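Student: Just dropping this structure here.
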């Protein structure tokens with residue numbers, strides 16, 4: 001699996017998004033880019049199985065079990 005974070009203007013500042021879900025807003029482009037790169041690096045970290053909790057665009061919360069070796073490749077697209 002491959003995922004891409006996209007940088008763009010968001011909520012009066014800058015943010016990054018994955019599919020249609022935006023991050024928090026950052027005051028500068030550079031801050032949003034740095035945060036997106038950190039998020040992409042975290043996607044690559046293997047370790048141990050984990051339970052993850054996330055909210056989809058419609059406001060629904062989901063919980064999933066992820067295995068340690070089941071990590072997507074991630075990158076950041078700026079522009």
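Student: Relative contact order for the chain using alpha-carbon pairs under 8 Å, separation at least 6, rounded to a whole percent?
Tutor: Averaging sequence separation for qualifying contacts and normalising by length gives 36 percent for the chain.
Student: Now a separate question. Report for the chain the percent antiparallel among DSSP-assigned beta bridges with both residues inside it, nearest 5.
Tutor: That works out to approximately 70 percent antiparallel.
Student: If you don't mind, another one. Quick one: helix 29-44 against the long Cα principal axis of the chain, what's the angle to the nearest 10°, folded into 0 to 90?
Tutor: Relative to the chain, helix 29-44 is tipped by roughly 10 degrees.
Student: Now a separate question. If you stretched the chain out fully between residue 2 and residue 77, how much longer would it get, using 0.36 nm times the residue separation minus the C-alpha to C-alpha distance?
Tutor: Result: 25.7 nm gained on full extension.
Student: Please give the FRET efficiency for residue 10 paired with residue 44, using the beta carbon to beta carbon distance and R0 = 25 Å, rounded to the nearest 0.05.
Tutor: 0.55
Student: Grab the DSSP H runs of the chain that are 4 residues or longer, score each as -39,500 (n - 2.57), total them, divide by all residues and round the 222 nm result to the nearest 500 deg cm²/dmol.
Tutor: Computed ellipticity for the chain at 222 nm equals -6500 deg cm²/dmol.
Student: Given 25 °C and 0.890 mPa s, compute D for segment 2-78 with the Stokes-Einstein relation, Rh being the Kirkwood radius over Cα pairs; round to the nearest whole µm²/s.
Tutor: 184 µm²/s
Student: Within segment 10-32, find all residues whose amide N lies under 20 Å from a label point positioned 7 Å from the Cα of residue 55 along Cα-to-beta-carbon.
Tutor: Counting only backbone N, you get 10-27.
Values quoted throughout were computed directly from the atomic coordinates according to the rules given, and no laboratory measurement underlies them. What you see is a predicted model; the values in this text were computed from it and never measured. Using ideal geometry, Cβ is built from the backbone for each residue, glycine included, and neighbour counts are taken over all protein chains shown.
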